[in-house]
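Shown next, in structure tokens, is the structure this report addresses.
The values are calculated or read from the model by the stated rules, or taken from the named source; none is laboratory data. No experiment lies behind these values; they were computed from the predicted model shown. Here the Cβ positions follow ideal geometry from the backbone for every residue, glycine too, while neighbour counts run over all protein chains shown. The accessibility values were calculated without ligands, DNA or RNA, using every heavy atom of the protein model including side chains. Shrake-Rupley method; radii C 1.70, N 1.55, O 1.52, S 1.80 Å.
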Amino acid sequence: MNAQLFPRRGLPTGSDLRAGYLSLRAKTLALTSGLSAEDMTVQAMADASPAKWHLAHTTWFFETFVLRTYLPGYAAFDDSYAFLFNSYYESVGPRQPRAQRGHLTRPPLADVLAYREHVDRHMQTVFDCGAYTGLEDIIRLGIAHEEQHQELLLMDILYLFSRSPLKPAYDRAWPSAAAAGVAKFQPMAGGLVSIGDADAGGFAFDNERPRHKVWLEPFQIADRLVTNGEWLAFMGDGGYSRPELWLSEGWDQVQSNAWEAPLYWQRMGESWQEFGLAGMAPVDAAAAVSHISYYEANAYARWARARLPTEAEWETAARSGRLQQVDDSLWQWTASAYAPYPGFREASGAVGEYNGKFMINQMVLRGGASVTPRGHSRPTYRNFFAPDKRWQFAGLRLARDAKPPAHGKAPEADFAARDFAAHVIAGLSRPQKALSPKYFYDAEGSRLFEEICRIQEYPLTRIETALLRNVAPQLAHSIPGDAVLVEFGSGASEKTRLLLDAVPQISTYIPIDISQSALDAGAERIAAAYPRLQVIPLTADYTQDFKLPATVRGRPKTGFFPGSTIGNFTHAEAVDFLRRLAAALGTESRLILGVDLVKDPRLLVRAYDDAAGVTARFNKNLLIRINRELGGNFDVDAFEHLALWNPDLQRVEMHLVSTVDQIIQAAGHSFAFKAGERLHTENSHKFTIESITSLAATAGWSVLRHWSSVEHPFAILELESRSG
Ligand code: AVI
């Protein structure tokens, strides 16, 4: 995962330094190619500088620290520029106040461009004479510095344009943010870790050093960033109006600035729009939430019963390769104050002012953003902003302690409710509305599914049961003594009995299901029927990370995943699930998997659209659940059940089709449906032996044996974990 993690270009050395310098300078200019001289002169707030100033200041850096200092006989382009374009270097001299950079209508843009050319020409002399060996470090710092300003230039121009009533786009073709997907918490062991740059030759800023040891308690960290959809759920739950969620200073900011949403969001009737480099667009619920302050990130984390990771946790997790959106989406607020690392030493000379003197009243952000030049960041990189700043490309990633706090109620129920709300808000905000089928299974949904399994048109369960009856004695041979059977999505555990009857060496049974009611009822029945069997029910969402009880550690385990439920996953989810399964079951694990096979599409569609309408009720029950749990007002009669075969993706799809134009309220939000618009509720992928074999192989499982039925083709496969 994440081979692209921090593509480590490093900064150029030797003869590459000239090429690196030239391409850097060309790129900075290219970033301004669509801007007018007026765009480049105005300063919209004290923190943001005009583009013209960025062009000049980055040039001033090379002029001051390379040319004036080291090039014999260098004549400055204009002596007044030392005052105009010094940023904050006290040791270099006085300067134009930061908040008044927009007053610099003179020099005109043409002079600034000529200044760049002048400095570039003299830098070529430095490179030509080859006398820059001792200057490599300062040139590399100048390159890294200008890369930072490339990002600042985009941040600042976005802020400026956001203040314009015309809301001009910086670049209509600017790529939109990638979908973040649903985050999973990844467990991290913690312990004694080392963070910071090892000073082994690569470029790093002084603030990343020295590398040092930090003790981490075990923790969990989200593998993706918080999405706009989740942020909408926070807002819908009064996130900006509940002082108990906020730090005191943050709450002051909320009130004095009337914050009610991220910086660039604007309410348009019932929905939200967001201003970005491509202009105004509807808020994309699946994209990561952006342009939030530390205070907002912290309030959200509190609302989500989580916290922000410390920078040491972040760096350790980023190096594990288990995180997505590490450096290509948004900078991520951490819980760490920006302070010197133990043993920190400022560089000598004027550039010692680069980072160290800002180590107060700011918080660290880690990662990198889509606007950060590629290769600029690295896992040890420490970005920093004051906690109230919002114009930088900043989002958040949640973390939490591995163990719940000793006091207070277990947060699982709250998590489940918030997860459902966030999912519904995100799913109904998408251009093609969709919800995950895993939310079908409340008590009524589980009951309706059992009813489906008995209807004539849906023979999967009956066929699989009959097949399993024949196959179980053969499976028995390969299951070792004292085995643990782990069943995923066990529901009523009916099929399990066939295995337990045929395989007496199974001594422990762990059914795992998201629905506690179905799980308890099934587990009780099994425990009563098999008194010598140890039954350990586990209420868990097995599509997320789960842990088996420590008591079964080291014992041989067989997974059981019948019913073709794997078909309800996307292929990527199926691979992810099978991989985690191999890890959870451990070495020498086996898996017994049931999959429905591709067959006549007419039979397939009928199986998901039965004459008695049971499947339709099962599908619509999702709306009833939203009404009950999220205060929704769906009229179930204003939606029609639809099942169709998608030949390209080899799956049956279920949808709910709105029969009228309507606006629905749910989870504190409004969602417009057009007549005929579909809400996609389920995929049921169908397989061939070849397709499931190759999917399993991607996840590290090999198929040992398989058996198929002739009538309504269905297959049972026995797989072995290759790591086993
Ligand atoms: C649970 N799962 C395998 C069923 C299926 O066939 O996809 C759920 C279902 N949906 C409609 N009918 C049954």
Roll a 1.4 angstrom probe over the protein heavy atoms and tell me the percent of accessible area of the chain that is carbon or sulfur.
-> 54 percent
Top to bottom by accessible area (1.4 Å), largest first, where do Cys453, Cys129 land?
-> Cys129, Cys453
Ordering Val598, Val193 from largest to smallest accessible area (1.4 angstrom probe), what's the sequence?
-> Val598, Val193
Above 18 angstrom, tally the Cα pairs of the range 517-668 and express them as a % of all pairs, no decimals.
-> 72 percent
With DNA, RNA and ligands ignored, accessible area of His712 (1.4 Å probe; Å², nearest 10) | 20 Å²
Cross-link table Lys495/Lys620; Lys495/Lys599; Lys599/Lys620; Lys557/Lys620, entries beyond 29 Å C-alpha to C-alpha = Lys557/Lys620
Using the heavy atoms of the protein chains and a 1.4 angstrom probe, tell me the accessible area per residue for the chain in square angstrom.
-> 42 Å²
Using only alpha carbons, build the gyration tensor for the range 207-307 and give me the equivalent ellipsoid semi-axes, biggest first, whole Å.
-> 27, 18, 14
How far is it, in nm, from the label point at Glu244 to the one at Thr570 when both lie 7 Å from their Cα along the line to the Cβ?
-> 3.6 nm
How much space per residue, in cubic angstrom, does the convex hull of the C-alpha atoms of the range 586-724 take up?
-> 154 Å³
With eigenvalues of the C-alpha gyration tensor scaled by 5 and rooted, the range 424-488, Å = 34, 18, 11
Proportion of all alpha-carbon pairs of the range 77-233 beyond 23 Å (%) | 66 percent
In what sequence, largest accessible area first, do Thr380, Thr125 appear using a 1.4 Å probe?
-> Thr125, Thr380
In deg cm²/dmol, rounded to 500, what helix-only [θ] at 222 nm does the chain give when every DSSP H run of at least 4 residues adds -39500 (n - 2.57) and the total is split over its residues?
-> -10000 deg cm²/dmol
Relative packing of 350-359, 556-565, 366-375, which averages over residues the other C-beta atoms within 10 Å, highest first | 556-565, 366-375, 350-359
With a 1.4 Å probe and every protein chain left in place, tell me how much accessible area Ser709 has, in Å² to the nearest 10.
-> 20 Å²
Return the Rg/Rh value of the range 447-519, two decimal places, where both radii are evaluated on C-alpha atoms and Rh is the Kirkwood radius.
-> 1.00
Asp609 accessible area, 1.4 Å probe, all protein chains in place, Å² to nearest 10 = 70 Å²
Binned Cα-Cα distances of the range 434-560, short to long, each 10 Å bin given as a whole percent | 12, 41, 36, 10, 1
Just how many % of Cα pairs in the chain lie over 44 Å apart, if you round to the nearest whole percent?
-> 35 percent
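To the nearest 20 debye, what is the magnitude of the charge dipole of the chain about its Cα centre, counting +1 on the Cβ of each Lys and Arg and -1 on the Cβ of each Asp and Glu?
Value, rounded to 20: 880 debye.
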